[in-house]
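Undergrad: Got a structure here, written out as structure tokens. Questions coming.
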Amino acid sequence: MLTALLSDLDALAASPADSALVDAVHAYLLRELAHAAYDADAHEAPCGVLEMAQLIRRREPRWVLQHEVAVATALLSLCLDGSGDVHPDNLDAARELMLELVRKCHGPSAGDGGGDGGGDGGGDG
């Protein structure tokens, strides 16, 4: 269902007049999916990590960088919230998405989104 919604939004984003609306909907979806990682039930069932990954893969590095802290915090919460209590699929997906997030925001292709080329993350060394 999310894949279909994202595809519809991609089509809508083709119109410059609607791109701000699409950005807002994507940001809302990402916030809600990140919030799901804090939910107690997320430790037993899928918790939105795979859906966050779908959304992050569709967006350019600059947009993802704007939402990096919220996503990283949610993923770290899953990873650090007692690994024994977290569903193994959620834990693996959270670890993989964390690596993907860092690569997209701070890897060699991060400059593709234009702008300051690194955000507020500090230096390399």
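Undergrad: Starting from the Cα of Y38, step 7 Å along the direction of its Cβ; do the same at A11; then give the gap between the two resulting points in nm.
TA: Placing both labels 7 Å along Cα→Cβ, they lie 3.5 nm apart.
Undergrad: Work out from phi, with θ = phi - 60° and the Karplus expression 6.51 cos²θ - 1.76 cosθ + 1.60, the ³J(HN,Hα) of each residue of the stretch 21-36, listed in order in whole Hz, and give x for Gly and Pro.
TA: Once rounded to whole Hz, the list reads 5, 5, 4, 5, 5, 4, 4, 4, 4, 5, 4, 5, 5, 5, 4, 4.
Undergrad: On to the next question. If r is the Cβ-Cβ distance from R95 to D18 and R0 is 25 Å, what FRET efficiency results, to the nearest 0.05?
TA: Details: r = 35 Å, r/R0 = 1.40.
Calculated value: 0.10.
Computed from the coordinates by the stated procedures, all read-outs in this text should not be read as laboratory data. Quantities reported herein were computed from a predicted structural model and do not represent experimental measurements. Cβ coordinates were reconstructed from backbone atoms using ideal geometry, including for glycine residues, and neighbour counts include every protein chain displayed.
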